[in-house]
Amino acid sequence: MAKIFFGQIIHTKSLSDFEIFTSGFIAVDHRGKIVGVGDESDYSSWLSEHTDFKAAVAERLTKDQFLMPGFVDCHIHAPQVAQIGLGLDMTLIDWLNTYTFPLEAKYDDEQFAAKVYTKVVENTIKSGTTLASYYGTNSKDSTVILAKEALRQGQRALVGKVCSNQNSPNFYIESTEKAISDTEEFVKDIQNLKTDLVKPTITPRFALSCSKELMDKLGEIARNNDLHIQSHISENLSEIDFVKALYKSSYAEAYDNSGLLTSKTIMAHAVHLDDEEIALFQKRGTSVAHCPASNTMLSSGFCDVLRIIKQGVKVGLGTDVSGGNSMSIQDAILRALDVSHHLEFVKKQDIKGCGRSSIQDQHYRPLNYKEAIYLATLGGAEALALSNITGNFVAGKDFDALVIDTTNYPLHNFYIVDDNKPQDLQLLELIQKFIYVGDDRNILRVYVAGKQIK
Ligand code: GUN
Ligand code: FE
């Protein structure tokens, strides 16, 4: 059934182009595709050219609500939700060995996997995530369960069976042959779901845990089937030293030499990339998932996303659960803003010990909330090479959207009374309220491809 939404609407068209409609409309056809977007004052003339919408259902938002694009989580480990909040007083390698590998090994148990993955998808939808790039585990079958669960609940997802054949504990390691054959089967299993919503993504865990032979083969599978690729890069200084010693190259070259840096690749963290590595990303069209919560919690470092964006690389946000302690991309927006402000202090005050990020810049300007919303929506869709389908409200794209309501806890949206008249908040103020103070309780409804999933 075709639908027309009327009310306050926000979205982004680029990092610096934030568009608002204080009184707008979005027309969505029966397939869930956006057909028209504009000011309500232009609606009648639009309708005269789209007479098939005369019978469409009209939905009018209240003055305390607004529509925005759904959140995109460019990097989340679904199995790790079972340990969220644990071990965050450690750094990466200790955290992986103490908590993460033993937990992920348990996903051979498909009942356990189904139970956790049902909750993960429910909770990320509740937090407004309409598109997630998920890591499963080494277990092919349980990762298929994750993909089917995203599809069942109507969430858009990229899903990867994780590969690791070296430098891993003996209870959580695969042979090269098994990693390859399971990946090939996994790709077929997901493609057999015959859906546009869920796609397979090639997932070498990181260069440390994959041999050159395995990475070469994964690169080949991705190339032959035109698949997405996701992995980790340059997160933690000791990890980087280990990779450089192993591969006798930069971290980025270690992946590039196996054909793993493509225009459909997203690499998480990128905290300590040097300029040559960023230039290589730009040349290959490879993107970055900025994971501010986990970069902070695991003491990995400051990622200067503006530096990466300025060099022409696409960036989206990732929760990186459970290196990150929140499943919410709205929380990731706040964490990204925090990191960016802290980076500004470092750059203006000559604080030692912050590595590359301490390079002085008296003119450094932090991210602002509008740019952070871009990273959380269109930026993420671009980084995942899916911006032809989602990320903002443009005719031809799918309607992946959130209805935000600012009247309930923790916002309440009290009115300031001036001259005995209640003063409504303006749209840009409602957005700030939601971003800085709100949470999933203010996400009233979630739509993917026009279908309401919350
Ligand atoms: N590097 C390799 N595996 C992981 C993981 O599970 N989480 C994070 N944050 N970094 C990784
Ligand atoms: Fe991660």
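Bear in mind that the values in this text are calculations on the coordinates, not laboratory data. Predicted, not measured: the structure shown is a model, and the values here were computed from it. Positions of Cβ are generated from backbone atoms using ideal geometry, with glycine treated the same way; all protein chains shown enter the neighbour counts.
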Discussion item. How far apart, in nanometres, would the label points at Ala245 and Lys194 be if each is projected 7 angstrom from Cα along the Cα-to-Cβ direction?
Written reply: 5.2 nm
Worksheet item: Between rounded, prolate and oblate, where does region 83-231 land on the alpha carbon gyration tensor, with a ≥ b ≥ c its root eigenvalues, rounded for a/c under 1.5, else prolate if a/b exceeds b/c?
Response: oblate
Item to complete: Quote the charge dipole size of the chain about the Cα centre in Debye, to the nearest 20; the model charges only the Cβ of Lys and Arg (+1) and of Asp and Glu (-1).
Response: 460 debye
Practice prompt. Could you point to the residue in Asn123, Leu96, Gly136 farthest towards the positive end of region 81-156's charge dipole, with +1 and -1 charges on the Cβ of Lys/Arg and Asp/Glu respectively?
Written response: Asn123
Discussion item. At a threshold of 8 angstrom on Cα-Cα distance, excluding pairs fewer than six apart, so keeping six or more, what relative contact order does region 118-234 reach in percent?
Written reply: 25 percent
Discussion item. Cut-off 19 Å, label point 7 angstrom out along Cα-to-Cβ of Lys348: give me the residues of region 290-318 whose amide nitrogen falls inside.
Written reply: 302-307
Worksheet, complete the sentence: So Lys126 and Asn388, fully extended at 0.36 nm per residue minus their Cα-Cα distance, gain in nm 91.9 nm
Fill in: Sum of side-chain charges, Glu371 neighbourhood, beta-carbon under 13 Å (Lys, Arg +1; Asp, Glu -1)
+3
Worksheet item: Is region 315-454 rounded, prolate or oblate when judged by the Cα gyration tensor, a ≥ b ≥ c being the square roots of its eigenvalues, rounded requiring a/c under 1.5 and prolate requiring a/b larger than b/c?
Response: oblate
Fill in: Cα long-axis angle, helix 329-349 against the chain (0 to 90 degrees, to the nearest 10)
70 degrees
Fill in: More than 34 angstrom apart: percent of Cα pairs within the chain
32 percent
Practice prompt. Work out how much length Ser23 to Val417 would gain on full extension: take 0.36 nm times their residue separation and subtract the Cα-Cα distance, in nm to one decimal.
Written response: 139.5 nm
Worksheet item: Quick one: helix 275-284 against the long Cα principal axis of the chain, what's the angle to the nearest 10°, folded into 0 to 90?
Response: 70 degrees
Item to complete: Set the Förster radius R0 to 60 Å, insert the Cβ-Cβ distance between Glu276 and Glu49 as r into 1/(1 + (r/R0)^6), and round the FRET efficiency to 0.05.
Response: 0.70
Worksheet item: Net charge near Ser300, counting Lys/Arg +1 and Asp/Glu -1 over other residues with Cβ under 9 Å of its Cβ?
Response: -2
Worksheet item: To the nearest 10 degrees, how steep is helix 212-225 against the longest Cα principal axis of the chain, on a 0 to 90 scale?
Response: 40 degrees
Discussion item. Under a Cβ-only charge scheme (Lys and Arg +1, Asp and Glu -1), can you give me the dipole magnitude of region 280-369 about the Cα centre, in debye to the nearest 20?
Written reply: 400 debye
Item to complete: Pairs of Cα atoms under 8 Å, at least six residues apart: use those to get the relative contact order of the chain, whole percent.
Response: 19 percent
Discussion item. Report the Rg/Rh value for region 318-394, based on alpha-carbon coordinates and the Kirkwood definition of Rh.
Written reply: 1.06
Practice prompt. For every other residue with a beta carbon closer than 14 angstrom to the beta carbon of Val28, add +1 if it is Lys or Arg and -1 if Asp or Glu, then tell me the sum.
Written response: +1
Fill in: Charge dipole magnitude, Cβ of K and R +1, D and E -1 - region 187-240, Cα centre, debye nearest 20
160 debye
Discussion item. Which one, Ile202, Val288, Leu246, is farthest towards the positive end of the dipole of region 202-294 when Lys and Arg carry +1 and Asp and Glu -1 on their Cβ?
Written reply: Ile202
Practice prompt. Using +1 at the Cβ of each Lys and Arg and -1 at the Cβ of each Asp and Glu in the chain, identify which of Val446, Ile373, Ser263 lies farthest towards the dipole's positive end.
Written response: Val446
Worksheet, complete the sentence: Reduced to Cα centres, the span from region 125-178 to region 80-124 in Å works out to 12 Å
